[in-house]
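The values are calculated or read from the model by the stated rules, or taken from the named source; none is laboratory data. Quick caveat: nothing in here was measured; it's all calculated off a predicted structure. We place every Cβ from the backbone using ideal geometry, glycine too, and count neighbours over all the protein chains shown.
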């Protein structure tokens, strides 16, 4: 019994110590901010003369603040930047080491937030508006709502145009959103005509390689929508069959070998992969025609949004020219 | 001196006589031959099944008149055949290490997955992925061996220190606890270093995407293990009669135990390094082959290797066909077969 | 085990000792809760906590404390109580000190049903209906009961032996885990990740709503467990003795199992499969106050609550602002203790 008391006591002390250490580093800015956050909220209530109420993807009526200044819209940063809105925090994985690298020209000064949006991490940024990309449990949305009005998108996350329009509406930038889409479409037509000129009726596929695993992009999602829908490449039959409920579907080397694809956009960080020396790889038409274009996984191929897609259009043009 | 040599001779003699009495019934050789043939047929069937079915004609061509520009030929040679070889090797390795473990511990529930050996391997592989992402295949195998030793070492230590040694129930519980501990640690590592996807494969298990190169490396290491296992089979049979008796017959128990443990680690480590954690084969197969072959390990070990290979080749066919074009993890399938089997054993075991 | 007669002069002493211990644990829990309230990604000084609790904190501090930390800590306490007292009953009924509901498959049974339920709901509708969340404890209960029933039936062979029960339980656990893996792979990737985190045991998204879902189960079944504790103690004297003292053993055993499954399944439904609490807590409790379940269950519930609150504080501070599922921390603490038990136990 004595032992137990001692050990629990020492653990308690240990925890207290951990806690103490942290105070020195985190406490001050947090505290400061906490008070600011409150005064801001107070100010808003009086300032809001006519607030807009929109129904979100969970069927909740959300009061949209006017000119929100600190927005958290994790994994929607692309769309915000297209509207010239800088978010308060940006999506990240692995303790902030993994971010959306292709956006870092604009986002390099924006602090990171873990992808699963822990409540306290969200609180830290004192957002005045939160936008959520994926469907979420109502319980969690209720909790976020305590921090700031929280809006879950209606638009399917796999349809970037729809998402762009909705974000435009929510942030009261409808026209800007339409302009973004129009400009993109004009740009896409240029690419499409170039593809028609250089590679009429030819097929293409985007393959993401991680170590030895291969994934192929969904024909209507992410860069797949750009490749087939906008640039006008033909869809190889294997890609069509694999249209699972994932942006990138796992594909075996066997399926890839039988794909009969003319252009291959390979996303891989591994420069000297054993795969490219493989006999099966050598038998793919695109490899034989010297039409394999390699990109790293930090490039825009894996993402969604007008900026990502426009960069992908650029990659396609550079590749086939 | 003369006396001692005579004594040894008689020991050898008794050993021989004992082995004769224990030796398997007459059809053992026949059964073994037939199962080898069945295994080869099964592998043939497995080769022809895949995303696109390939005819027997093409298979024969690919084997004997290989054409490097013919995609089907290359698929067969570079993808399907390595995969099936891997399945049969892993099955054989796991089954044989299960047999040896059961013989060593005299414990019917001993087997690689239950004793935490496989989760030890997976844990070390998680560490390798997190801290040494540049590890090549050879290094990964070494990590896997080290992990197998870690898991087995923990369970055996628990056995050595606990009063009354490792009873079946203690063994199962120790294995469960060690697995839980190692898996929790691996998950923490995986979540923190964001290698969850790389690691989840090692837990689900499977032989998809195995390349000839890795099959070659692993098979060389592990075939040596198998051969030593066959060489030990005689001593294991005698040890099965009780350690006292084996000692009396001049068997160096400590040495045999050491070598056998090493073989278990090599076989299991090799299996995990190609196929991840595939459970229950090492539990089921030894019991089946003992039922069929009797108590003579000179027959039990080879037949376990063949039966184990058959089971995993079969499970792998199922893994590919159940939910085409997606792969079902083969570890989940072997568990589905293994659990009822385990339950039957548990009912038998739980007398006390 | 010392069986103390009701009129023994010893009784007072033992009772006092247990009461003192219980109060001490309660105090310890209170201290831990205070520490836990202050720890997290955003930290609060003890002074801040004091000010906020007395009603003069800032709005944001109140929000942090009352809406995020407090429900989470209360949930941790409730889950600890539920799992630990369920574990105590399991150990009593099976007369096996190693019968952890996490190891013998009760948790994975609940987990399997919950994940299957979530999967089916997600198939049939775009948005999970409101009743889905309230239904979860019931689904978990059904799963836990199924697992318990399977174990009981399969371990029955002219009666039940503790050893067979545990072995069969380990098998059932493996079966449900494999089945879980098969459904998980059919889920979309985000659901898959969520399922993994949930199954490892996690309370990070606790809210008052989750607390409210769990509380009725604890409030109904914990008193029942305490009420039945005397019978559990009698059962420890051996079946014949218990029958002699007028206990319908088989019937009571089933009732007690239902109570235990309800407590553990409801906890699993909000917090996922946290293993080892149901094993470690009763065991420590038995060491501290002896084998009488009337005293052992409350003490074990306290220890369970302490264990989870402690683990949760660790889970959210070590890698802050990211979080580790609390169940993993509990396993890392609990598994070595379990192994220690295995080594020292005398069967």
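For region A:282-321, a residue qualifies if it is outside any loop (DSSP other than H, G, I, E, B), more than 22 Å from residue A:259 (Cα to Cα) and without any contact (Cβ under 8 Å) to a residue 40 or more places away in the chain, and the qualifying residues are A:314, A:318.
Anything in region B:233-242 that is free of Cβ contacts under 8 Å to residues at least 60 places away in the same chain and in contact with a helix residue (DSSP H, G or I) (Cβ under 8 Å, 6 or more places away or on another chain)? List them, or say none. Spell out the reasoning first.
Initial filter on region B:233-242 (free of Cβ contacts under 8 Å to residues at least 60 places away in the same chain): B:235, B:242.
B:235, the sole residue that qualifies.
Do you know which residues across region C:151-167 are part of a helix (DSSP H, G or I) and modelled with pLDDT of 80 or more? Talk me through it step by step, then tell me what you get.
First, pick out the residues of region C:151-167 that are part of a helix (DSSP H, G or I): C:151-155, C:162-167.
Listed by number, the residues that qualify are C:151, C:152, C:153, C:154, C:155, C:164, C:165, C:166, C:167.
Could you check region C:171-271 for helices (runs of 4 or more DSSP H) lying wholly inside it with 1 or more residues that are under 15 Å from residue C:109 (Cβ atoms)? Lay out the reasoning, then the answer.
On the way: elements: C:189-199, C:208-235, C:239-244, C:249-271.
Result: C:189-199, C:249-271.
Every residue, every condition in (1) modelled with pLDDT of 90 or more; (2) crowded, with 17+ Cβ neighbours inside 10 Å; (3) over 22 Å from residue C:21 (Cβ atoms), yes or no:
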residue: C:219; (1), (2), (3): yes, no, yes
residue: C:225; (1), (2), (3): yes, yes, no
residue: C:237; (1), (2), (3): no, no, yes
residue: C:252; (1), (2), (3): no, yes, yes
residue: C:270; (1), (2), (3): no, yes, yes
residue: C:308; (1), (2), (3): yes, yes, no
residue: C:312; (1), (2), (3): yes, yes, yes
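Against the criterion of being over 30 Å from residue A:213 (Cβ atoms), more than 12 Å from every other protein chain (Cβ to nearest Cβ) and at pLDDT 90 or above, residue B:313 does not qualify.
Could you check, for region C:43-63, whether at least one of its residues is in contact (Cβ under 8 Å) with a residue 40 or more places away in the chain and either away from chain A (no Cβ under 14 Å) or more than 26 Å from residue C:302 (Cβ to Cβ) (or both)? Break it down stepwise before answering.
Applying the first criterion (in contact (Cβ under 8 Å) with a residue 40 or more places away in the chain) to region C:43-63 yields none.
No; the residues of region C:43-63 include none that is in contact (Cβ under 8 Å) with a residue 40 or more places away in the chain and either away from chain A (no Cβ under 14 Å) or more than 26 Å from residue C:302 (Cβ to Cβ) (or both).
Scanning region A:263-271 turns up one or more residues that are farther than 25 Å from residue B:72 by Cα, within 12 Å of another protein chain (Cβ to nearest Cβ) and not in a helix (DSSP H, G or I).
For every residue, the table says whether it meets (1) under 30 Å from the mean Cα position of the chain (by Cα); (2) farther than 20 Å from residue B:316 by Cβ; (3) part of a helix (DSSP H, G or I); (4) within 12 Å of another protein chain (Cβ to nearest Cβ).
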{"position": "B:43", "(1), (2), (3), (4)": "yes, no, yes, no"}
{"position": "B:46", "(1), (2), (3), (4)": "yes, no, yes, no"}
{"position": "B:66", "(1), (2), (3), (4)": "no, yes, no, yes"}
{"position": "B:73", "(1), (2), (3), (4)": "no, yes, yes, yes"}
{"position": "B:77", "(1), (2), (3), (4)": "yes, no, yes, yes"}
{"position": "B:80", "(1), (2), (3), (4)": "yes, no, yes, yes"}
{"position": "B:84", "(1), (2), (3), (4)": "yes, no, yes, no"}
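To keep it simple, each residue is scored yes or no on (1) surrounded by 23 or more Cβ atoms within 10 Å (Cβ to Cβ); (2) in contact (Cβ under 8 Å) with a residue 12 or more places away in the chain; (3) within 20 Å of the chain's Cα centre (by Cα); (4) within 14 Å of chain C (Cβ to nearest Cβ).
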residue	(1), (2), (3), (4)
A:222	yes, yes, yes, yes
A:232	no, yes, no, no
A:235	no, yes, no, no
A:241	no, no, no, no
A:250	no, yes, yes, yes
A:255	no, yes, no, no
A:260	no, yes, no, no
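Among the residues that make up region C:206-217, is at least one of them without any contact (Cβ under 8 Å) to a residue 24 or more places away in the chain, farther than 25 Å from residue B:330 by Cα and either crowded, with 22+ Cβ neighbours inside 10 Å or within 11 Å of another protein chain (Cβ to nearest Cβ) (or both)? The answer is yes, given that some residue of region C:206-217 is without any contact (Cβ under 8 Å) to a residue 24 or more places away in the chain, farther than 25 Å from residue B:330 by Cα and either crowded, with 22+ Cβ neighbours inside 10 Å or within 11 Å of another protein chain (Cβ to nearest Cβ) (or both).
All conditions in (1) farther than 30 Å from residue B:303 by Cα; (2) without any contact (Cβ under 8 Å) to a residue 40 or more places away in the chain; (3) surrounded by fewer than 22 Cβ atoms within 10 Å (Cβ to Cβ); (4) more than 13 Å from chain C (Cβ to nearest Cβ) hold for residue B:161, with the sole exception of (4). Considering region A:64-105 alone, what residues qualify as being on the phi > 0 side of the Ramachandran plot and within 14 Å of chain C (Cβ to nearest Cβ)? Correct list: A:75, A:94, A:95, A:96. Among the residues of region B:44-66, are any in contact (Cβ under 8 Å) with a residue 24 or more places away in the chain and over 19 Å from residue A:256 (Cα atoms)? Yes: one or more hits. Those strands (runs of 3 or more DSSP E) of region A:106-216 in which 1 or more residues are within 11 Å of chain C (Cβ to nearest Cβ) occupy A:112-114, A:150-152.
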